[in-house]
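Remarks on the structure that follows.
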Amino acid sequence: MAGIFVFSEDKALSEQLLTPALELKKTLSEPITALALTDADAKELAALGADKVVLLEAASSWTEGLSEAIYSIFSGAGGSVFLVGGTLRGKHVAAYVAAKLNAGMITDAKSLKIEGGKLVSTRLLYAGLALSEEEVTLPAVVTIPPRTFLAPSAATNAGTVETVKADSDTQVAISDVTPLGGSGVDVSAATRLVSVGRGFRKREDLKLAEDLAAVLKAELGCSRPVAEDEHWLPIDHYIGISGHTVKPELYLAVGISGQVQHVVGARESKVIVAVNSDEHAPIFEAADYGIVGDLYEVLPLLTAAVKK
Amino acid sequence: MPKCLVCYKWTLDEKDIKIKPADSSLDTARAKGKISDFDRNAIEEAALLVEKQGGAVHALTYGTSAVKQSLKDVLSRGPEKVYWIADASADAADACVTANVLAAAIRKLGSYDLILCGEGSSDVFNRQTAVRLAALLSLPCVTYVEKLSIEGDTVKATRKLDEGSEVATVKGPVVVSVLGQINKPRIPSLKQVLAASKKPNEEIKITDLGLKPESLQPKSVHRSVKGFVTKRKNIIYKESSAATNVAKLTSSLAAEGLR
Amino acid sequence: MNFQLTEEQQLIEQSARDFAKEFLDPIAVQLDYTGEFPKAVIAELANHDFLGLHLPAEAGGAGAGFVSYVAVIESLSRSSAAVTSIINNQAMASYAIQTWGSDAQKKQYVRAFIKGETIGAFAVCENGPTTGIGPDALNATKTEDGYVLKGTKAYVRNAGEAGVYVVFAVTDAADPNALTAFVVDASAAGLKVGPRLNTMGLKGCPVAHVVFDDVKVPETAVLGSLKAGREIATRVLALASVAEAAQTVGIGQAAVEHAAAYAKQRVQFGKPIATLQAIQTLLAEAATDCYLARLALRAAAQLVEDGKPFEAEAAIVKSFLARLGSKILVDSCQVEGGMGFSESMPLPRLFRDIAGTTLLDSPADFPDYAIAASIA
């Protein structure tokens, strides 16, 4: 068995996967093969540390339809670890490959390493309540969420690129591809976030948060009710268990009570600050710093103080 | 008149699980069982389809002997029959083993137009079972479905993905995994609860599935499970003057290098 | 001997909990504030078969036993005892008609009760010293083709919303203790529902006096048989007292849980108050009372289900809760202190509601009298 494989249909994510791949290479001493879907991806991956890049040439661009082809390449090469970008499409492809290999698969790994010839990984269980450490026999498939790792810096020697024809699935017809209507802002990429909750009485009042976000150079995020029930912010700004998980250096929760379904999306932020009028709000337990007070009074004062 | 099979898991209710302060291990002693959240959506979706178009809904589950507690519950939610496999192997079963067992059972049960699963189980949320089942049974698979319809033998599903949505159309039989937002499971009426006792349930012995011992060997094994405990500074400013609080916060933020 | 609910009873109880969470929690506060009869909730209760829970399957009910019934009432009462008051009072009427009614009466009303199309009321109380005696007592004077009812029934729950009243009247002036039960349609001429009383609690369950101003009813309006009324009332009120005890336990449980959750996160003197002994004592006693009351309640309900005598046991439960029901609330309020005193918190409403379920509807014999009679 040989070969650390990486794949994601998302270019940035596939580059990020090279970082843990390079780490595994140190222990496994096996070459890294990256699978790519476009020429540009292929060249970049080759430059960032992939020893070999296989550029898949397929009739259809539907990622999931390439599962069988991807499996053939991995199993044909006798790969030992397959790192797949943990987008929803990626998880689908990864599970297919794992099933055909009769191999174990870790979903949404937070960390991974090789120990005693097995892949050891940590990930969350019970809706974020617990952290589990698992060991998987090789060959193993792992999906890694976006932004778990940073892309590596350029490698000394670029890898080779080989183009391969790939058959895509012919059974499923895809139509009506509709992009998510959103602001185009990716809250999960923001380094600072001001997050708003039900403590705000009406949509216009969000301006207080917007002003603060502007001086802090932060993006706006929100709790689920603000997006889903009130529609004050687009759904892709919602942070929580079924929304985004964020890890900014500063997460400022304003008027958010701090239910676990929300907190789990933000609890790995470097510094968490909460502003809430209810001193018993659970958010304070999850925060490094907090102010008990009326956000209508606190926010303008805070904005002015930060501006100075 | 689709013949549907819903695969479900009987899980521990995570809201009853406590973290032991001494060593952060999990205390599941008081945790009650429940049908995994998204599996409930899958059951409801099948029930709705069959209510509208006729057909049948069967349910299938693999777990420890605890699954017996799930039978009346699942039968009160629409399915006319439930098949169950109770075996100690389920305790350590990973997604690989689970899929092997379920696929072997499905091969035994005959053909279905639609096999439904929840997106992932509420305890481990692997999100692998549906795809693995489809791969093992050589069936097409449509995942992350938020809207589902079936006409004749054609399945049409709207998928919700990270970047947007798309519609997948495919001829059955098909394996589908559904998202929580696909429907809101109805609360069973009392008549449905009482009628559940009269519906049939059938045990499938794992030894009758013809599985090789390797198929029951998990490939991933837990080394440890610990409660995720966040240690935060919890420095809360609650002076009567908002200005004072703000001043204290800004100097704390400066100290953290966040100005 | 098994103190646990059966699997089926547990599923029924869970359905009730889920129902309460989805349909009662969102409206409980508003209902208490406006007192407006919750028609939409009644319709949902009917859809989920809660209104026919105790009625036999042949009649269109769910045919669940009395233990299931009290488990449902307790679960729903944790969210809104006002709604369960409506259910209980309806159940008194529907049970009476199903058990003693003629085929015609059953056909006219039972299915309508189950579907939530007709609300039922059960009117025994009067303003006089006891039912049947006093100037306003309801009298039924025999006529050629039926009876004429005259008098006033007091504190009738579900009054005004009810489509039918099961009432108890004196048919023989020489024998005022012998009551006869009648099924009277709300549309009967001369039946006047007085203004709604503004009650201390259980707001949402309407209460009013009902005046019978020469209301003519046919012979066929008699429920059961002539002078069988006292037997009917005694039986129904005894069952109702167990059902009401279930409401009390539900309210108490909600109070204890809320106070306990509050105590765990309310920090005073540097620690959650749940760590203070005084608070622990209050919570422990309240939890103990709820637990014991529930066990006794279910034991009494099991006797009902088994067709065994249960009146003494029901009286014990009633007496226990009469003494301790309000204590549970007072202690929970003590735990929550100033914060809990606000009407935006649930305890004030629970406090007022438990007053309703522990003080009202005493059987004609006071509970302790009944208990003493059973042992001495």
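The values are calculated or read from the model by the stated rules, or taken from the named source; none is laboratory data. Since the model is a prediction, treat every value here as computed from it, not as a measurement. Glycine gets a Cβ as well: all are built from the backbone with ideal geometry, and neighbour counts include every protein chain shown.
Quick look at the numbers
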item	result
Residue within the stretch A:203-213 that is at positive phi, at pLDDT below 95 and of a type outside the set (Phe, Trp, Tyr) present	no
Hits in the stretch B:71-96 (condition: within 14 Å of another protein chain (Cβ to nearest Cβ), buried (at least 19 other Cβ atoms within 10 Å of the Cβ) and over 17 Å from B:LEU194 (Cβ atoms))	B:ALA93, B:ASP94, B:ALA95, B:CYS96
Failed condition for A:VAL53, given (1) surrounded by 21 or more Cβ atoms within 10 Å (Cβ to Cβ); (2) modelled with pLDDT of 95 or more; (3) in a helix (DSSP H, G or I)	(3)
The stretch C:322-372, subset farther than 16 Å from C:GLU257 by Cα, small (Gly, Ala, Ser) and at pLDDT 80 or above, residue surrounded by the fewest Cβ atoms within 10 Å (Cβ to Cβ)	C:GLY338
Among (1) away from chain B (no Cβ under 13 Å); (2) surrounded by fewer than 20 Cβ atoms within 10 Å (Cβ to Cβ); (3) over 19 Å from A:ILE70 (Cα atoms), the one test that A:THR163 misses	(3)
Test: residue in the stretch C:23-40 that is within 30 Å of C:SER342 (Cβ to Cβ) and within 11 Å of another protein chain (Cβ to nearest Cβ)	yes
Criterion: among the polar types (S, T, N, Q) and more than 7 Å from every other protein chain (Cβ to nearest Cβ) - qualifying residue of B:THR250, B:THR244, B:THR230	B:THR244
Residue satisfying condition, being among the acidic types (Asp, Glu), within 13 Å of chain B (Cβ to nearest Cβ), surrounded by 20 or more Cβ atoms within 10 Å (Cβ to Cβ) and closer than 27 Å to A:GLU162 by Cα, within set A:GLU44, A:GLU64	A:GLU64
Residue in the stretch B:236-257 that is in a strand (DSSP E or B) and either more than 30 Å from A:VAL177 (Cβ to Cβ) or not assigned by TED's automatic domain parsing to the domain that holds B:PHE125 (or both) present	yes
Among residues of the stretch B:114-170, those that are surrounded by fewer than 21 Cβ atoms within 10 Å (Cβ to Cβ), in a strand (DSSP E or B), more than 9 Å from every other protein chain (Cβ to nearest Cβ) and over 19 Å from the mean Cα position of the chain (by Cα), counted	4
Within the stretch C:56-70, considering residues that are more than 11 Å from chain B (Cβ to nearest Cβ), under 18 Å from the mean Cα position of the chain (by Cα) and over 16 Å from C:VAL83 (Cβ atoms), the one surrounded by the most Cβ atoms within 10 Å (Cβ to Cβ)	C:VAL67
Scan of the stretch B:171-194 for residues that are surrounded by fewer than 16 Cβ atoms within 10 Å (Cβ to Cβ) and within 14 Å of chain C (Cβ to nearest Cβ), ordered by number	B:LYS184
Members of the stretch A:113-138 found to be farther than 23 Å from B:GLU14 by Cα and surrounded by 24 or more Cβ atoms within 10 Å (Cβ to Cβ), listed by number	A:LEU119, A:VAL136
Search result, residues across the stretch B:218-227 that are facing chain A (nearest Cβ under 7 Å) and in a loop (DSSP other than H, G, I, E, B)	B:LYS219
Qualifying residue in the stretch B:108-124 (condition: assigned by TED's automatic domain parsing to the domain that holds B:VAL170, in contact with a Ser or Thr (Cβ under 9 Å, 6 or more places away or on another chain) and without any contact (Cβ under 8 Å) to a residue 60 or more places away in the chain)	yes
The stretch A:14-32, subset out of contact with any Asp or Glu (no Cβ under 7 Å at 6 or more places or on another chain) and outside any helix (DSSP H, G or I), residue nearest to A:SER61 (Cα to Cα)	A:GLU30
Residues located in the stretch A:264-308, provided they are crowded, with 24+ Cβ neighbours inside 10 Å, more than 26 Å from the chain's Cα centre (by Cα), more than 9 Å from every other protein chain (Cβ to nearest Cβ) and among the β-branched types (Val, Ile, Thr)	none
Count of residues meeting criterion [part of a helix (DSSP H, G or I) and either in contact (Cβ under 8 Å) with a residue 24 or more places away in the chain or crowded, with 19+ Cβ neighbours inside 10 Å (or both)] in the stretch C:209-234	8
Among residues of the stretch A:87-116, those that are among the basic types (Lys, Arg), more than 7 Å from chain B (Cβ to nearest Cβ) and within 16 Å of the chain's Cα centre (by Cα), counted	1
The stretch B:201-217, subset within 23 Å of the chain's Cα centre (by Cα) and part of a loop (DSSP other than H, G, I, E, B), residue farthest from the other protein chains (Cβ to nearest Cβ)	B:LYS205
Top-ranked residue in the stretch C:259-288 [being in contact with a strand residue (DSSP E or B) (Cβ under 7 Å, 6 or more places away or on another chain) and in a helix (DSSP H, G or I); ranked as surrounded by the fewest Cβ atoms within 10 Å (Cβ to Cβ)]	C:LYS264
Helices (runs of 4 or more DSSP H) wholly inside the stretch C:1-96 containing at least 3 residues that are closer than 19 Å to C:LEU297 by Cβ	C:7-19, C:66-77
Unique match (being of a type in the set (Asp, Glu), at pLDDT below 95 and within 26 Å of C:GLY201 (Cα to Cα)) among C:GLU126, C:GLU117	C:GLU126
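So that you can scan it fast, the table gives a plain yes or no per residue for (1) out of contact with any helix residue (DSSP H, G or I) (no Cβ under 7 Å at 6 or more places or on another chain); (2) more than 28 Å from B:CYS141 (Cα to Cα); (3) aliphatic (A, V, I, L, M):
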residue	(1), (2), (3)
A:THR19	yes, yes, no
A:ILE32	no, yes, yes
A:LEU55	no, no, yes
A:GLY65	yes, no, no
A:TYR96	no, no, no
A:GLY117	yes, yes, no
